[in-house]
Every structure is written in C-alpha cells, then in structure tokens.
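Notes for the one structure printed next.
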Amino acid sequence: MSGGFYLVISDEFLAMVGRDYSADVARINLELNLKGDGLLVDYVPPHTFVGNIDKMENGNCILVIGINPFLWDDQRFERANIELPNHCLTNYRNSGDVNALSDWINWQKEYFLSNDINATHFKKISRLIGPRYFSLTHGDDNWRDTLYQHIVEVDIVPYYSIKAQINDHKLAKLYRHDSALITHLNLIKWVIKKIQPRWIQVNGKAGWETICQELLNGEGEIIDDAGDKGSEIMVGHTNVSGNRIPVLLHKFIGGLGGANSHIQRNQVMDSWDKWLSNNS
C-alpha cells in the first residue's frame with residue numbers, strides 16, 4: 001500500500017492509473033478489431049472502480065462487474081471523468097504524492113450518491129439486488145442507499161465507448177497476454193480481497209468467457225432453469241481472496257437478448273438462489 005489513503009490507493013491502483021492509457025486503448029482497439037461506436041476512446045482515463053470501498057462490510061456487499069463504461073457526451077461527464085482525473089494524475093506525476101489523487105478517489109467513493117451517476121443503468125442493478133438481499137436498506141426503493149452501502153462496481157474493460165461491442169472470445173484471448181488488461185485484473189483481484197463480497201455478479205454475456213477463464217479456472221456451469229436464453233446464467237466459485245466466493249454471470253440487464261422483463265430478472269435470481277442453496 002502507498003501513502004495516507006492506505007485503504008484505497010493500493011499499488012495495484014497506482015499501477016493501473018500510471019499507465020499510458022492512450023497507447024493501451026490504441027492497442028486494444030486493434031486487437032479486438034473495434035470500430036465505430038464500439039471503439040474505445042483514448043482521451044478518457046480508465047475506470048477503476050466506483051463505490052464506497054472503504055466502508056463495505058465484508059460478506060454484506062456485492063462486487064458487480066460490467067463490460068466497459070459508457071461514454072457520455074456532456075459537460076458533466078467531461079468534468080467528472082476527464083478533467084478531474086487528468087488534473088489529479090498530472091499533479092501526482094509531477095509531485096509523486098498520492099494525496100494528489102484524493103479528489104478523484106473521493107469522487108469514485110461517493111459516485112452512487114452524486115449527480116454524475118448513470119442512474120438509468122444503476123437503478124436496474126439496485127432494483128435487481130436490493131429488494132431480495134438488502135431489503136432493510138432498499139425499503140420502498142432506496143436504490144441509491146442500496147448501491148452506496150452494498151455495491152462496488154468495476155468493468156472488465158476499463159475504457160469508455162458509446163456502445164459495448166466487445167467479442168467475448170477475443171477478449172478472453174487478449175486477457176492472457178495484454179499488459180494493461182493483466183494490470184487491470186490485478187486491480188479487480190485487489191478489490192475482491194479488500195471488500196470480501198458476498199458474491200461477485202457479472203452483468204453482460206461479453207464478460208462470461210473472460211471471467212470463467214480468469215476467476216473460475218474455466219469451471220463455470222451454465223444453468224437455464226426456465227428454458228429462456230434471456231434468463232440463462234453461468235455460476236461458479238473463485239478463490240482469489242483466499243476464501244471461496246460465489247460468482248454469478250448473467251446477461252446484460254436491459255440489453256438485447258438479456259434479462260429484460262421482470263419475469264426474466266426474477267428467474268435469474270431464482271436460479272441463483274437455488275444454486276447457492278446447494279453450493280454455499
């Protein structure tokens with residue numbers, strides 16, 4: 001760990017944000033053959049995590065893993081995701097003082113309570129998880145409090161695009177040798193060790209093969225209890241933290257071919273609960 005923010009600013013975090021992200025993005029775009037709206041942009045610093053990582057209660061939180069962050073085209077996004085981190089990174093590189101990163105870190109920790117949140121997306125995550133597993137916090141629809149108290153989010157690819165158009169097989173193959181993705185995986189593993197989540201939840205089919213390869217040792221199990229591809233899930237365990245942590249992988253909530261209806265979303269979590277009860 002480094003500096004006064006020992007609970008947040010780890011060596012893994014510094015290794016990720018210290019990279020030449022523009023060069024990393026150019027290489028990954030080429031390797032994944034990304035084009036058009038799926039192209040990763042080279043002018044936004046990488047998304048490392050959001051969530052109040054210091055105050056998560058071990059075993060009473062969930063790590064959500066998305067595919068890659070959404071690129072907004074407005075001034076609020078630019079201030080929070082480009083200007084703020086670049087200002088902090090410049091000061092850190094010039095001074096070597098990790099305290100220069102504190103404003104960026106604090107923004108990430110308070111993200112779920114801020115006006116910068118992608119509310120459309122994260123409401124779906126909160127409403128999928130909150131009423132069933134964190135009912136005291138969620139109450140009548142306290143979706144922000146549910147996120148703030150119980151969720152940390154990372155993405156499997158930390159770079160922004162207008163659309164997620166990443167090929168699962170190509171990404172898994174690239175994860176075996178790309179230095180930026182390996183560095184990012186080390187950060188994800190650090191987050192897992194730090195918060196000790198009740199489980200890890202992967203939102204999006206494009207992440208299944210990579211997560212199965214990197215966290216499940218290739219031993220993911222497909223479950224389709226309802227005979228409905230939208231509610232199909234993959235399950236398994238990871239031992240990254242030294243503890244056996246369950247992992248749920250489902251299709252993108254609200255996406256094409258995903259668990260879009262309330263029936264499908266309930267089926268996803270019903271299948272998960274059933275598997276957990278037999279594999280805890």
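Rank Ser95, Ser135, Ser161 by mean-square fluctuation in a GNM of the chain with C-alpha springs under 10 angstrom and give only the top-ranked residue.
Ser95
Against the longest alpha carbon principal axis of the chain, how many degrees, from 0 to 90 and to the nearest 10, is the axis of helix 179-195 turned?
Around 60 degrees separate the two axes.
Among the listed pairs Lys170/Lys193; Lys124/Lys205; Lys124/Lys251, which are separated by more than 21 Å between their Cα atoms?
Cα-Cα > 21 Å for Lys170/Lys193; rest within.
Around Glu83, under 15 Å between beta carbons, what's the net of Lys plus Arg minus Asp minus Glu among the other residues?
-3
Return the single residue from Pro45, Pro131, Pro197 with maximal mean-square fluctuation; model: Gaussian network over the chain, springs between Cα atoms under 10 Å.
Result: Pro131 has the largest fluctuation of those listed.
Can you list which of the trypsin sites (Lys or Arg not before Pro) found in the stretch 114-208 are DSSP loop residues with at most 11 other C-beta atoms within 10 Å?
Taking the stretch 114-208 and a limit of 11 other Cβ atoms within 10 Å, the loop trypsin sites (Lys or Arg not before Pro) found are Arg176.
Averaged across orientations, what area in nm² does the convex hull of the alpha carbons in the stretch 54-206 project?
9.9
Is it possible to state the helix-based mean residue ellipticity at 222 nm for the chain, with each DSSP H run of 4+ residues giving -39500 (n - 2.57), the sum divided by total residues, to the nearest 500 deg cm²/dmol? What is it?
My calculation for the chain gives -12500 deg cm²/dmol from helical runs alone.
Cut-off is 10 Å between beta-carbons; in what order do Thr238, Thr120 appear when sorted fewest neighbours first?
Ordered by Cβ neighbours within 10 Å, fewest first: Thr120, Thr238.
How would the stretch 153-267 be classified by its alpha-carbon gyration tensor: rounded, prolate or oblate, with rounded meaning a/c under 1.5 and the a/b versus b/c comparison settling the rest?
The shape class here is oblate.
With loop defined by DSSP as not H, G, I, E or B, and exposure as at most 15 other Cβ atoms within 10 Å, which is the longest segment of the chain clear of exposed GluC sites (Glu not before Pro)?
The segment 111-218 is the longest one with no such site.
Could you put Leu113, Leu256 in order, starting from the residue whose Cβ has the fewest other Cβ atoms within 10 Å?
Leu256, Leu113
Taking the Cα centre of the chain as origin, sum charge times position over the Cβ atoms of Lys and Arg (+1) and Asp and Glu (-1), and report the length of that vector in debye to the nearest 20.
About 260 debye.
Can you tell which of Trp72, Trp107, Trp143 shows the greatest fluctuation in a Gaussian network model of the chain with Cα springs below 10 Å?
Trp72
Considering the alpha-carbon set of the stretch 1-101 alone, what are its Rg and its Dmax in angstrom?
Gyration radius and largest Cα-Cα distance of the stretch 1-101: 15.3, 42 Å.
Fewest Cβ neighbours within 10 Å first, please rank Lys55, Lys35 accordingly.
Lys35, Lys55
Mind checking which of Asn68, Gln165, Ser135 is farthest towards the positive end of the chain's charge dipole, using Cβ charges of +1 (Lys, Arg) and -1 (Asp, Glu) about the Cα centre?
The one lying farthest along the dipole's positive direction is Ser135.
Name the residue from Gly236, Thr90, Ala206 whose Cα lies farthest towards the positive end of the charge dipole of the chain, charges +1 on Cβ of Lys and Arg and -1 on Cβ of Asp and Glu.
Gly236
Counting only C-alpha contacts under 8 Å and six or more residues apart, can you give the relative contact order of the stretch 11-279 as a whole percent?
The normalised contact order for the stretch 11-279 reaches 24 percent.
Roughly how many Å is it from the Cα centre of the stretch 55-75 to that of the stretch 223-271, as a whole number?
A separation of 17 Å, based on Cα centres.
No lab work stands behind these numbers, since they all come straight from the coordinates. A quick note: this is a predicted structure, and the numbers were derived from the prediction, not measured. When we count neighbours, we look across all protein chains shown, and the Cβ atoms used for this are built from the backbone with ideal geometry, even at glycine.
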